[in-house]
Amino acid sequence: MYQAAIVEDEAGVREMLATLLKKQFDQKETLVAFSCFANGKSFLSCFHEGYHYDMVFLDIEMPMTDGISVAKDIRKVNENIPIVFISGRETLVFDTFAVQPFRFIRKSHLDASLAELVESLVIRLRSDEEKRVFVSEPGTKDLYSFDLARLLYIEAQRKDCRFVNDGGEVVIRCTFGYAESIFSQHGFLKPHRSYLVNPSAVFCIGRNDMKLSNGANIPVSRDRLQETKKCFLKYTMEREGL
């Protein structure tokens, strides 16, 4: 199931949009759960707490925090999430270009616009899904989605795991063994008993540690050094088609 956020200060428009979008996604046999927010501040609070959204529908003109400001904040963390702007003023479309929106639709043309919009979103989401890994937090059943191209490493922290990507980090209450069972299938290296590392993020491997593309240093255990180098070499050769 995909997660969508609707950020719209007008309650009537918010409810209508959720109803119309659900109908269109159902016709495409695509399950989507909608979270509705009356303002940008409440949405960003959830977004920065680590709640995952596969798409965001944003009103532009809202009190306190306007839609474009919200989108800029989103883009600091996630450059790829589809953002759909909704506005009653067509002239505002030019103001949205800086944040690379997926679409701009007018409130007066919702019925006519949503079928094509949803069809395009479904294609995009299914394409992105091939590059994502989902982690369910055992206790809460909260579902987290990670872009494999952006996830750098995972660190064990007692009863939690810290997931670090190029835009931030999130701590999930799960065992390291659970994380390893998921990410080892995607070629993640295990240079140390407390770390899983995305091989695409590795810059160099030394005798005692490895340096990542973001400058982070990850310890490498002496008994895992050769195996880590072997796995990294295999990954590099497969990537280059050798």
- prompt: Out of segment 222-242, which residues are in contact with a helix residue (DSSP H, G or I) (Cβ under 9 Å, 6 or more places away or on another chain), open to solvent by less than 50 Å² (accessible area, probe 1.4 Å) and under 16 Å from residue 153 (Cα atoms)?
  reply: 232
- prompt: Could you list, in sequence order, the residues of segment 1-46 that are basic (Lys, Arg) and under 17 Å from residue 118 (Cβ atoms)?
  reply: 22, 23, 28
Subset tally (residues that are assigned to a helix (DSSP H, G or I), free of Cβ contacts under 8 Å to residues at least 40 places away in the same chain, buried (at least 16 other Cβ atoms within 10 Å of the Cβ) and more than 18 Å from the chain's Cα centre (by Cα)) for segment 23-48: 1
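So that you can scan it fast, the table gives a plain yes or no per residue for (1) closer than 17 Å to residue 228 by Cβ; (2) at pLDDT below 95; (3) among the small types (Gly, Ala, Ser):
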| residue | (1), (2), (3) |
| --- | --- |
| 149 | no, yes, yes |
| 155 | yes, no, no |
| 161 | no, no, no |
| 186 | yes, yes, no |
| 212 | yes, yes, no |
message: Residue under question is residue 85, and the condition is that it be open to solvent by less than 80 Å² (accessible area, probe 1.4 Å) and under 18 Å from the mean Cα position of the chain (by Cα); does it hold?
response: no
- prompt: So which residues in segment 49-76 are more than 24 Å from residue 109 (Cα to Cα) and loosely packed, with under 14 Cβ neighbours inside 10 Å?
  reply: 49, 64, 72, 76
Matching strands (runs of 3 or more DSSP E) fully within segment 148-242 where at least 2 residues are in contact (Cβ under 8 Å) with a residue 40 or more places away in the chain: 151-157, 168-172, 195-197
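The values are calculated or read from the model by the stated rules, or taken from the named source; none is laboratory data. Since the structure is predicted, the reported quantities are computational estimates derived from the model, not experimental observations. Glycine gets a Cβ as well: all are built from the backbone with ideal geometry, and neighbour counts include every protein chain shown. The area values use the complete protein model at the heavy-atom level, side chains included, leaving out ligands, DNA and RNA. Shrake-Rupley method; radii C 1.70, N 1.55, O 1.52, S 1.80 Å.
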